[in-house]
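Peer 1: Handing you a structure now.
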Amino acid sequence: MTPPPIIAPSILASDFSRLAEEVRRIEGAADWAHVDVMDNHFVPNLTIGLPVVQSLRKATVIPFDVHLMITDPERWAPGYAEAGAYNVTFHAEASEDPVALAKTLRAAGAKAGLAIDRDTPVEPYLELLPYFDTVLIMTIKAGFGGQSFMPELLGKVRDVRRRVQVGDLDVRIEVDGGIAADTIEQAAEAGADAFVAGTAVYGAADPAEAVRKLRALAANRMGT
Ligand code: DX5
Ligand code: ZN
């Protein structure tokens, strides 16, 4: 049976001066709030870090899907699990021992996620899937919101879906970058079942309504 889609609005596209309110606008409609942590090293951009996540955690009930675009995740990722993040995703390109870090995150009470950036092939990581709860396939180059969706990256989603099916694995396949009403169906068709959307949700007049619309489009293609 196909599980229902996860819709995870990225607060990167929200008003940072009102983060708590912005997260509450999607409560009840979205499954997770996607939190993009960028460190100005792994990616050129700089966003928010652990103190903000700790404060925000107290302001909402929605589970946090933390996407760490940082170097040295071994040092920083466990802190996000301890801060109560539901899922902590780090980049394959940044980690020396992804399986060890996944185990650490799970031991700290979080789900573990592995992110694959635009220029990274997914094949070398397929054998690591049993150690993860989510795999995040970037559908842009990580670093900035508001970029155009790259359909040519969906081949990686298909590869992961195949491996998840063959191994009967309990792994969510998440896509991130340029997901909107005109792209989410292609991603769902390729096998994604968790969808990050920044601009498409927070750029809408009614973010909760935008989430419901995206969910309906995805569910339709996933056959749920
Ligand atoms: C970019 C981030 C994304 C970003 C997506 O590196 O990982 O989560 O917020 O934004 P949109 O949906 O606008 O492409
Ligand atoms: Zn992200």
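Peer 1: Check cross-link reach from residue 156 to the lysines: straight Cα distance under 17 Å, and skip same-chain residues fewer than eight apart.
Peer 2: Candidates past the 8-residue exclusion: 141.
Peer 1: Quick check for me: using +1 on Lys/Arg Cβ and -1 on Asp/Glu Cβ, what's the dipole size of the chain about its Cα centre, in debye to the nearest 20?
Peer 2: Working: 21 positive and 31 negative charges, 93 e Å.
Rounded to the nearest 20 debye, it is 440 debye.
Peer 1: For the chain, report the accessible area per residue in Å² (1.4 Å probe, heavy atoms, rounded to an integer).
Peer 2: Details: 9590 Å² over 224 residues.
Using a 1.4 Å probe on heavy atoms only, each residue of the chain averages 43 Å².
Peer 1: Between residue 127 and residue 100, 0.36 nm times their residue separation minus their Cα-Cα distance comes to what?
Peer 2: So the extension gain works out to 8.3 nm.
Peer 1: Going by amide H atoms built from the backbone, whose H comes under 5 Å of the H on residue 34, apart from near neighbours?
Peer 2: Residues meeting the amide H criterion: 10, 11, 65.
Peer 1: Can you compute the modelled spin-label distance between residue 168 and residue 40, with each label point 7 Å from Cα toward Cβ, in nm?
Peer 2: Inter-label distance under the simple model: 5.0 nm.
Peer 1: How large is the helix-only mean residue ellipticity at 222 nm for the chain, computed as the sum of -39500 (n - 2.57) over DSSP H runs with n ≥ 4, divided by its residue count, in deg cm²/dmol to the nearest 500?
Peer 2: Helices in the chain give a 222 nm mean residue ellipticity of -9500 deg cm²/dmol.
Peer 1: Follow-up question, since we're still on this one. Calculate one ³J(HN,Hα) per residue across the stretch 7-20 by plugging θ = phi - 60° into the Karplus curve 6.51 cos²θ - 1.76 cosθ + 1.60, and present them in order as whole Hz with x for glycine and proline.
Peer 2: Result, rounded to whole Hz: 10, 10, x, 8, 6, 4, 8, 8, 7, 5, 7, 9, 4, 4.
Peer 1: Still on this structure: So how exposed is residue 212, as accessible area in Å² (1.4 Å probe, rounded to 10)?
Peer 2: 120 Å²
Peer 1: While we're looking at this one, here's another question. Using the Cα centre of the stretch 74-127 as the reference point, and only Cβ charges (+1 on K/R, -1 on D/E), how large is the resulting charge dipole? Debye, rounded to the nearest 20.
Peer 2: Numbers: 5 positive and 9 negative charges, 69 e Å.
Around 340 debye, computed over the stretch 74-127.
Peer 1: Grab the beta carbon distance between residue 181 and residue 52, set R0 = 41 Å, and tell me the FRET efficiency rounded to 0.05.
Peer 2: About 0.90, to the nearest 0.05.
Peer 1: Separate question: How many percent of the alpha carbon pairs in the chain exceed a separation of 34 Å?
Peer 2: So the pairs more than 34 Å apart make up 5 percent of the total in the chain.
Peer 1: Pop the C-beta distance of residue 16 and residue 74 into the FRET formula with R0 = 22 Å and round what comes out to the nearest 0.05.
Peer 2: Result of the calculation: an efficiency of 0.20.
Peer 1: Here is a follow-up. Quote the FRET efficiency, to the nearest 0.05, computed for residue 82 versus residue 61 with a Förster distance R0 of 25 Å and r equal to the Cβ-Cβ distance. Let's see the in-between values first.
Peer 2: On the way: r = 18 Å, r/R0 = 0.74.
Using R0 = 25 Å, I get an efficiency of 0.85.
Peer 1: Please give me the summed charge of the neighbours of residue 18: other residues whose Cβ is under 12 Å from its Cβ, Lys and Arg +1, Asp and Glu -1.
Peer 2: Details: positive: 24, 25; negative: 15, 21, 22.
Around residue 18, the charge tally is -1.
Peer 1: Could you tell me which residue out of 91, 52, 63 lies farthest along the dipole of the stretch 18-167 toward its positive end? Charges go on the beta carbon: Lys and Arg +1, Asp and Glu -1, centred on the Cα centre.
Peer 2: 63
Peer 1: If I compute solvent accessible area with a 1.4 Å probe over the protein chains, what percent of it on the stretch 163-210 is carbon and sulfur?
Peer 2: Answer for the stretch 163-210 is 43 percent, counting heavy atoms of protein chains only.
Peer 1: Roughly how far apart, in whole Å, are the Cα centres of the stretch 173-201 and the stretch 1-61?
Peer 2: 16 Å
Peer 1: Mind ranking 64, 42 by accessible surface for me, highest first, 1.4 Å probe? Show your work: numbers first, answer last.
Peer 2: Details: 64 0, 42 45 Å².
Descending accessible area places them as 42, 64.
The values are calculated or read from the model by the stated rules, or taken from the named source; none is laboratory data. Everything numeric here is computed off the predicted structure, so don't read it as measured data. When we count neighbours, we look across all protein chains shown, and the Cβ atoms used for this are built from the backbone with ideal geometry, even at glycine. Accessible surface is based on the protein model in full, side chains and every heavy atom, while ligands, DNA and RNA are left aside. Shrake-Rupley method; radii C 1.70, N 1.55, O 1.52, S 1.80 Å.
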